[in-house]
Amino acid sequence: MSSKPYPSLDFELALARELGVRYLIGIDEVGRGAIAGPVAVGAALIDIHSAAGWPAELRDSKLMTEKARERNAPLVAEWVVASGIGMTQADRIETDGIVRSLELAGGAAIGELLAQVDRASLAAEGCAVLLDGSHNWLANSAYGLPVRTKTKADQDCVSVACASVLAKVTRDRLMVTLDAAHPGFGFAGNKGYAAAGHIERLRVVGPTSIHRHSWLTKILAEA
């Protein structure tokens, strides 16, 4: 038996009962700690009345191999009622800060999701947002929906695990494309995180337009 935790609907079912809603939107972010590329937020809508039979391999994206994520992303997209991905690019992260950038990406993800569904039916049946973590960084960008936070929701909750996989696959594919545009930094492998080869390349040629420049001061100052 795998030691990696599988998500369940236990928390979501209890939350839906508590709030009196039928629909939940799971939210998770990817790329918050990267030094290059965008931050991405995934949103995944599930119907508690019919939420069964999700992909058997589904886990928090960090606990899946890249091949498993790629294999399961289309299955997840087909299983959820609707989904959306929002991104905030490095230049906006520089000017607005990471928390505001997460909010912008999250709002874009929810907006994309809501464009795919009958919002009147959603409102009539009730819908809430389940956000991974302990801080509600969605703030005023949740389209008026109630937001509940939960630490390790990406590991424990089906809707958030779905959002995690969709966001991770989408951002990783973008970083592979950016690797071709900015060769030598290893973006296809490190996905913009501070891997040794990435840092060494920065010291040789300096940052690109997709780097979060203010995040590099300490890294580049180190011997």
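The values are calculated or read from the model by the stated rules, or taken from the named source; none is laboratory data. Just so it is clear, the structure is predicted and the values come from calculations on it, not from any experiment. Cβ placement follows ideal geometry from the backbone for every residue including glycine, while neighbour counts extend to all protein chains displayed.
So residue 147 passes all but one of these: (1) surrounded by fewer than 20 Cβ atoms within 10 Å (Cβ to Cβ); (2) in contact with a helix residue (DSSP H, G or I) (Cβ under 9 Å, 6 or more places away or on another chain); (3) modelled with pLDDT of 95 or more. Which condition number does it fail?
(2)
Name the single residue that is farthest from residue 53 (Cα to Cα) among those in the range 74-84 being surrounded by fewer than 21 Cβ atoms within 10 Å (Cβ to Cβ) and either among the basic types (Lys, Arg) or in contact (Cβ under 8 Å) with a residue 24 or more places away in the chain (or both).
Per the criteria, the residue is 82.
Quick check on residue 116: is it at pLDDT 95 or above and buried (at least 16 other Cβ atoms within 10 Å of the Cβ)?
For residue 116, the condition - at pLDDT 95 or above and buried (at least 16 other Cβ atoms within 10 Å of the Cβ) - is not met.
Look through 148, 173, 92 and report the one residue that is farther than 25 Å from residue 68 by Cα, without any contact (Cβ under 8 Å) to a residue 40 or more places away in the chain and not in a loop (DSSP other than H, G, I, E, B).
92
Do you know which of the residues in the range 187-223 that are surrounded by 13 or more Cβ atoms within 10 Å (Cβ to Cβ) and in contact with an Asp or Glu (Cβ under 7 Å, 6 or more places away or on another chain) is nearest to residue 30 (Cα to Cα)?
The qualifying residue nearest to residue 30 (Cα to Cα) is 191.
Which one is nearest to residue 111 (Cα to Cα) among residues in the range 124-135 that are surrounded by 16 or more Cβ atoms within 10 Å (Cβ to Cβ) and not hydrophobic (A, V, I, L, M, F, W, C)?
126
Tell me, which helices (runs of 4 or more DSSP H) wholly within the range 176-223 include 3 or more residues that are closer than 21 Å to residue 92 by Cα and at pLDDT below 95? Spell out how you get there, then give the answer.
Details: elements: 187-190, 196-205, 217-221.
Filter on the range 176-223 gives 217-221.
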